[in-house]
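Okay, so here's the structure we're looking at.
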Amino acid sequence: MKYTVLTLFPEIVDAFFNTSIMAKAIERGVISYRSINIRDYATDKHHKCDDAPYGGGAGMLMLPEPLGRALEAAGAVKKTQTAQETVAAETATPGQAKKRRVIYLSPSGRLFNQTMARELAAEEELILLCGRYEGIDQRIIDTYVDEEISIGDYVLSSGEVSALVLIDTTYRLVDGVISAESLEEESFSDGLLEYPQYTRPEIYDKLRVPEVLLSGHHEQIRRWRLKKRVEKTLLVRPDLIQKGLEAGWFSAETRKLIVELQDTAGLKGDTDERN
Ligand code: SAM
């Protein structure tokens with residue numbers, strides 16, 4: 001997977017790529033990355049990248065020309081380019097016309113979730129466009145952007161943090177970055193939130209690790225964890241349970257647990273992991 005980030009502040013995103021698991025994934029060649037400073041594509045003396053919106057209104061908008069040039073430099077293709085032209089380009093320079101998905105991080109986009117993260121993690125390259133000020137000129141969206149994605153129903157001051165959310169969520173799903181086992185029972189992997197986890201010491205501040213986890217009995221541990229997942233999801237995200245039931249995501253065992261726990265009067269008070 002290759003990430004290309006278009007931003008007015010590359011230093012914000014660069015730091016992330018130089019740290020921890022991401023840095024190791026880059027070293028191993030599983031992930032590659034480049035940041036493009038949009039300001040480098042502003043041709044006037046002051047490298048101006050914003051101007052007032054036509055029709056009035058508060059704030060400034062990012063200018064289309066620097067953005068368009070930066071996108072072309074990133075290899076983005078105009079949406080008006082026909083499929084035939086793409087095939088011709090691929091024939092002339094094999095491998096060059098490969099698919100790059102251009103995403104504009106925007107509060108007006110489709111709401112990001114784990115299913116979208118899995119879908120994006122399978123792409124060859126993501127070109128991520130970070131907005132600033134009041135956003136970007138619509139013609140850039142119309143010409144280059146394949147998809148607008150929002151990270152939540154709130155407004156951030158800039159797209160860099162949103163791009164990092166998308167990158168951090170997707171790169172760990174790329175084959176070879178972290179073990180498949182670590183991803184298996186994570187929150188949202190199958191419509192349920194994660195079970196509570198414990199590490200040493202066995203007793204912390206008078207709180208004991210649940211006995212079952214010390215038992216070494218794999219089947220009992222598996223059942224306990226599933227029960228805790230259902231319990232937590234019912235309590236804090238009943239919408240996910242509803243969605244999973246409708247979509248047929250859950251096993252017969254999970255469905256049985258849902259019914260049992262829904263019927264349990266003590267459910268609300270029964271999530272104390274100390275018991
Ligand atoms: N005027 C815009 C509006 O009302 O929708 C808000 C612009 S915001 C202050 C500046 C930039 O932050 C946006 O261009 C976008 O890149 C980013 N941004 C803000 N909220 C976001 C969100 N929820 N998801 C993704 N990106 C967001």
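In segment 237-262, what residues are open to solvent by 80 Å² or more (accessible area, probe 1.4 Å), in contact (Cβ under 8 Å) with a residue 12 or more places away in the chain and assigned to a helix (DSSP H, G or I)?
K243, Q262
Which condition does L61 not pass, out of (1) farther than 22 Å from E134 by Cα; (2) surrounded by 13 or more Cβ atoms within 10 Å (Cβ to Cβ); (3) hydrophobic (A, V, I, L, M, F, W, C), if it passes all the others?
Here L61 meets the rest and fails (1).
So, in segment 21-40, exactly how many residues are farther than 30 Å from G176 by Cα and surrounded by fewer than 20 Cβ atoms within 10 Å (Cβ to Cβ)?
2
Please indicate, with yes or no, whether at least one residue in segment 156-165 is more than 20 Å from R100 (Cα to Cα) and open to solvent by less than 20 Å² (accessible area, probe 1.4 Å).
The answer is yes; a qualifying residue exists.
Among the listed residues E90, E123, E85, E72, identify the single one that is assigned to a helix (DSSP H, G or I) and at pLDDT 95 or above.
On inspection, the qualifying residue turns out to be E72.
Could you tell me which residue of segment 126-152 is farthest from P64 (Cα to Cα), considering only residues that are more than 7 Å from the ligand (Cβ to nearest atom), part of a loop (DSSP other than H, G, I, E, B) and open to solvent by 10 Å² or more (accessible area, probe 1.4 Å)?
That would be D146.
Which of the residues that make up segment 107-117 are touching a Ser or Thr at 6+ places or on another chain (Cβ under 8 Å) and either open to solvent by less than 40 Å² (accessible area, probe 1.4 Å) or in a helix (DSSP H, G or I) (or both)?
G109, F112, Q114, A117 - these are the residues of segment 107-117 that are touching a Ser or Thr at 6+ places or on another chain (Cβ under 8 Å) and either open to solvent by less than 40 Å² (accessible area, probe 1.4 Å) or in a helix (DSSP H, G or I) (or both).
Can you list residue pairs whose Cβ atoms sit under 9 Å apart, with the first residue in segment 87-104 being in the same structural domain as T143 (by TED's automatic domain parsing) and at negative phi and the second being modelled with pLDDT under 70 and loosely packed, with under 10 Cβ neighbours inside 10 Å? Count only pairs 6 or more apart in sequence or on different chains.
Once the first residue is in the same structural domain as T143 (by TED's automatic domain parsing) and at negative phi and sits in segment 87-104, its partners that are modelled with pLDDT under 70 and loosely packed, with under 10 Cβ neighbours inside 10 Å give A89/Q96; E90/Q96.
The values are calculated or read from the model by the stated rules, or taken from the named source; none is laboratory data. As the structure is a computational prediction, the values presented were derived from the model and not from experiment. A quick note on method: Cβ atoms are made from the backbone with ideal geometry, for glycine too, and the neighbour counts reach across all protein chains shown. Protein only, heavy atoms only, side chains kept; ligands, DNA and RNA dropped before computing areas. Shrake-Rupley method; radii C 1.70, N 1.55, O 1.52, S 1.80 Å.
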